[in-house]
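Here's the structure we're looking at; comments come further down.
The values are calculated or read from the model by the stated rules, or taken from the named source; none is laboratory data. Please read all numbers here as calculations on a predicted model, not as lab measurements. Cβ atoms come from the backbone with ideal geometry, glycine included; neighbour counts cover every protein chain shown. Ligands, DNA and RNA are excluded from the accessible area calculation, which covers all protein heavy atoms including side chains. Shrake-Rupley method; radii C 1.70, N 1.55, O 1.52, S 1.80 Å.
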Amino acid sequence: MNILILGSGGREHSLAWAIKQNPKCDRLIVAPGNAGLADLAECANLDICDGDAVTAFATDHAIDLVVIGPEAPLAAGVADTLRAGGILTFGPSQAAAQLEASKAFTKDICTAAGAPTAAYAHFAELNAALDYTRAQGAPIVIKADGLAAGKGVTVAMTLPEAEAALTDLFSDSNAEVVIEEFMDGEEASFFILSDGTTLLPVGTAQDHKRVGNGDTGPNTGGMGAYSPAPVMTDAVTQKAMDEIIAPTMAEMAKRGTPFEGVLFAGFMIKDGQPRLVEYNVRFGDPECQCLMMRLGGQVLDLLQACAEHRLADQQVAWADDHALTVVYAANGYPGDYAKGSQIRGLDTLPEDSRNMTFHAGTAQRDGSVVATGGRVLAVTARAETLQAARDSAYASINQIDWPGGFYRTDIGWRALSD
Ligand code: AMP
Ligand code: GLY
């Protein structure tokens, strides 16, 4: 098979690494790719949010399957254009991608599906939002929606914090916000393949979103992750499938917009009860690096079967193992950071089915690897226990010589201290 992966991060490097292990994979192209990907696949320069350009490229290169990594091309409808062009595609339609693109849409689906989630209200005007917030009191959660969604989420522990967040968001006159009940508990992520009819879980994970040790400091895209998530016991997982995932997928199908791809559900779990925090319509980064390390080459069979609506005859071959990934980020991230610093020592690292350094923001320059992004490497290991996976990942990261970067030294601490 000829396979095209869209994206350039650590997630796509790990997808490419797993897919490449499957003997069915003949030719692997990643667009746009990065320095690490260039070692195992061809990299192609392509505007991955331009559906017509991607479709023409896939046709010209006799691509048998396109795997869409990040959210932007999904929200732009690239999967729809590819399918209309007769190209087998892994990734949801633009309509189904609203589960990530619009928080108000997701809340509406949860109500229709009866899925447990935080109580909420949606506002397009500051004063009404302030009145509602004052009536509810703190703690309370303020989320930008629609076009301003990039501005993110404020978990306000006090009313003045909530008011400041609303005032800031509504400084943009087109702003829309979702105001949510604060949920207490432990967070975990759950990844489920859906071909529109059949659901197939492919793993659980927990990530560390804060930049600093002890889960302190500003939020990031994720500084590390591990899989499986201990809090996702069989009972919690079954409850999540029955009460949240299956009803959501049924509601999407009922609306004529079945979800086809990987659903990434974020839960808050308290006393054995999962409640939905959010959906994403793609693999998480860096959660994907852990999942790919655990699943290996069977990923290609699973993604292909999902795209071909054949999940009913698939099963996941599980190993009783653990994976952990540590993100090496550029100094200053998630704020401003410098680009172009040289990374040494990568060629000394083990690269096998238990150890991989996935590249997120790197390029080759004059024979050296240089940093080009905020999150730069995801150093990943797999072992029989979480502790062993962690020791192995940190042993590798310690061998990397990169004064321009930093990493958290406590990934997995919560699970290991329980
Ligand atoms: P989101 O972008 O919706 O995933 O929110 C980002 C982060 O904010 C989540 O991972 C949670 O840590 C936190 N968060 C979001 N919604 C809530 C909520 N209703 N209650 C408590 N924490 C929340
Ligand atoms: N690590 C969280 C995400 O990919 O959104």
Inset, instruction - Using only alpha carbon pairs under 8 Å that are at least six residues apart, calculate the relative contact order of region 356-401 and give it in whole percent. - result: 31
Inset, instruction - Mind pulling up the Rg/Rh value for region 17-170? Radius of gyration and Kirkwood radius, both on Cα. - result: 1.12
Inset, instruction - State the extension gain, in nm to one decimal, for the chain segment bounded by Thr409 and Asn213, taking 0.36 nm per residue of separation less the distance between their alpha-carbons. - result: 69.9 nm
Legend entry - Per residue accessible area in Å² of the chain, where ligands, DNA and RNA are left out and the probe is 1.4 Å: 39
Legend entry - Additional length obtainable on full extension of the chain from Asn127 to Trp318, 0.36 nm per residue less Cα span: 63.6 nm
Legend entry - Rounded Å value of the spacing that divides the Cα centres of region 192-211 and region 113-140: 27
Inset, instruction - Would you list which aspartates and glutamates come within 13 Å of Lys107, measuring only between C-alpha atoms, while excluding same-chain residues fewer than 8 positions from it? - result: Asp145, Glu180, Glu181, Glu251, Glu278
Inset, instruction - Sort Tyr120, Tyr394, Tyr279 by accessible area with a 1.4 Å probe, largest first. - result: Tyr120, Tyr394, Tyr279
Legend entry - At 1.567 mPa s and 4 °C, Stokes diffusion of region 119-194 via Kirkwood alpha-carbon radius, µm² per second: 101
Legend entry - Estimated FRET transfer efficiency when R0 is 51 angstrom, pair Ser353-Ala95 (beta carbons, to 0.05): 0.85
Inset, instruction - Give the carbon-plus-sulfur fraction of the accessible surface of the chain in %, rounded to a whole number; probe 1.4 Å, heavy atoms of protein chains only. - result: 49
Inset, instruction - Using only alpha carbon pairs under 8 Å that are at least six residues apart, calculate the relative contact order of the chain and give it in whole percent. - result: 17
Legend entry - Translational diffusion of the chain, µm² s⁻¹ [Kirkwood Rh, Cα pairs; Stokes-Einstein; 10 °C; 1.306 mPa s]: 73
Legend entry - Cubic angstrom per residue, convex hull over Cα atoms of region 86-221: 156
Inset, instruction - Would you kindly compute the Cα radius of gyration of region 239-352 and its largest Cα-Cα separation (Dmax), both in Å? - result: 18.6, 53
Inset, instruction - For region 174-318, calculate the relative contact order in percent as a whole number, restricting contacts to Cα pairs under 8 Å that are 6 or more residues apart. - result: 29
Inset, instruction - Please give every one of the lysines within straight-line cross-link reach of Lys270, meaning a C-alpha to C-alpha distance under 17 Å, and leave out same-chain neighbours fewer than 8 residues apart. - result: Lys239
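Could you compute the FRET efficiency for Asp60 and Asp401, with r as their C-beta to C-beta distance and R0 at 45 Å, rounded to 0.05?
After rounding to 0.05, the efficiency reads 0.65.
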Inset, instruction - At 7 Å along the Cα-to-beta-carbon direction for both Glu161 and Ala84, put a label point, then send me their distance in nm to one decimal. - result: 4.5
